[in-house]
1. From the list R283, R307, which one is of a type in the set (D, E, K, R) and touching a His at 6+ places or on another chain (Cβ under 9 Å)?
2. Which residue, of E170, E156, is in contact with a Gly (Cβ under 9 Å, 6 or more places away or on another chain) and acidic (D, E)?
3. Could you check the range 45-56 and list, in sequence order, the residues that are surrounded by fewer than 22 Cβ atoms within 10 Å (Cβ to Cβ) and not charged (D, E, K, R)?
4. Kindly indicate the residue of the range 96-147 that is of a type in the set (S, T, N, Q) and under 28 Å from Q189 (Cα atoms) and also farthest from the chain's Cα centre (by Cα) among those meeting that condition.
5. In the range 11-25, what residues are buried (at least 20 other Cβ atoms within 10 Å of the Cβ) and over 18 Å from the mean Cα position of the chain (by Cα)?
6. Check M227 against each of (1) among the aliphatic types (A, V, I, L, M); (2) surrounded by fewer than 18 Cβ atoms within 10 Å (Cβ to Cβ); (3) over 17 Å from L187 (Cα atoms) and name the one condition it does not meet.
7. List the residue pairs whose Cβ atoms are under 8 Å apart, where the first residue sits in the range 109-129 and is free of Cβ contacts under 8 Å to residues at least 40 places away in the same chain, the second is assigned to a strand (DSSP E or B), and the two are 6 or more positions apart or on different chains.
8. Just checking, which of D181, D136, D241 is out of contact with any strand residue (DSSP E or B) (no Cβ under 9 Å at 6 or more places or on another chain), of a type in the set (D, E) and within 26 Å of R110 (Cβ to Cβ)?
Amino acid sequence: MNSKERTLAALRRQPPDRVPMYVTVVQEVAERLSQVMGIPANPCDAYLTDRISHAELLTALGNDVVGIGSTAPTGRPTRTRSDGLRVDEWDFVYRPVPHSSGFNYEIVERPLKGIASAKELAHYRLPDPQAPGRFDVARDHSQRYGRDYALLGVIECTVFEMAWNLVGLEQFLADMALSKDYIEPLLDQVADYSIGVGLELIKLGADVMLTGDDLGMDIGPMMSPKMWRKYLQPRLKRVFDAYKAAKPDIILAYHTCGSVLPFIDELIEIGMEVLNPIQVTARGMDPVKLKNNYGARLAFCGGVDQRLVLPTGKPADVEAEVRRRISEMGQGGGYVLAPTHDIQSDTPVENVLAVFEATMRWGVYS
């Protein structure tokens, strides 16, 4: 099997020759891996995601999946202001935060912070999904990798997460509870944007669409099922339906961190076929129980603990973690091995390499 065949078999809950991998890393980790491998890191100017960056480097290490997604358009790249702050096409403003390997960036200004009404929302325009240059990188990745690797269309913040980022989480959750009149129009606009981007990625050859909105905290969901059903479920279903209408055999994956057990059945009902990232440190997200309860209806992607094992363990601990997750979720197929988050800068490079090596060793199906 090549990587595409391997991944699609697994996501369709069939046993491949070995467990496929989709490991993603932040820029600082990519740069350290680049020095080891002699292959350049290749970051993309994409909002809040590293999932489409460093394809050449990560496939050389063993990834079976290549992410394709939208990037900043040619006419409005992320720019650095004279005061050192960065501004992107959404009008988010970022402050550089120095660390040992360079800089991270944190959002310090949000374009809709303090919004109170739909009338105010009318003054803000979301970016154009069809802006020139938005899919140049996706097109290149599709042409270069699409024959041999599974192409994952990445819509990192599909409905809820992009909307709250524009406003701020605390205010947005409070305004949802108060039924402020701008909430539903904003969610509709964000869903429309995600549909527009996703349909282009499907045209470019995406085999799987990874949507996502973090709905969970460590101890449980961050909203009630009632609020989820009112605001998010119908819009996410509209996104899923649009993708399936464009390509009936597209595989629909959904990313949500944290403890999200109350939402899994309803996510399956509206079309979710793959759950990511299986945050094993969150309440109730036990991989064995998830596989037993949902393995006949769901495939899984994730499970390798990024919070404790990868940054603080030794390579032998990483190997044991990988072997454990394969044993728990890999039976009969239905599993793509991945970390529970992009591998962060506090992870030693030898631990990153250990993920790939252990999967190759222990992920083979007899």
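1. None of the other options fit; the residue is R307.
2. E156
3. Y47, L48, T49, A55
4. Residue satisfying both the conditions and the ranking: S117.
5. Correct list: P16, R18, V19.
6. (3)
7. E109/V93
8. Of the residues listed, the single one that is out of contact with any strand residue (DSSP E or B) (no Cβ under 9 Å at 6 or more places or on another chain), of a type in the set (D, E) and within 26 Å of R110 (Cβ to Cβ) is D181.
Bear in mind that the values in this text are calculations on the coordinates, not laboratory data. Just so you know, these numbers come straight off a predicted model, no measurement behind them. Positions of Cβ are backbone-derived with ideal geometry, glycine not excepted, and every protein chain shown enters the neighbour counts.
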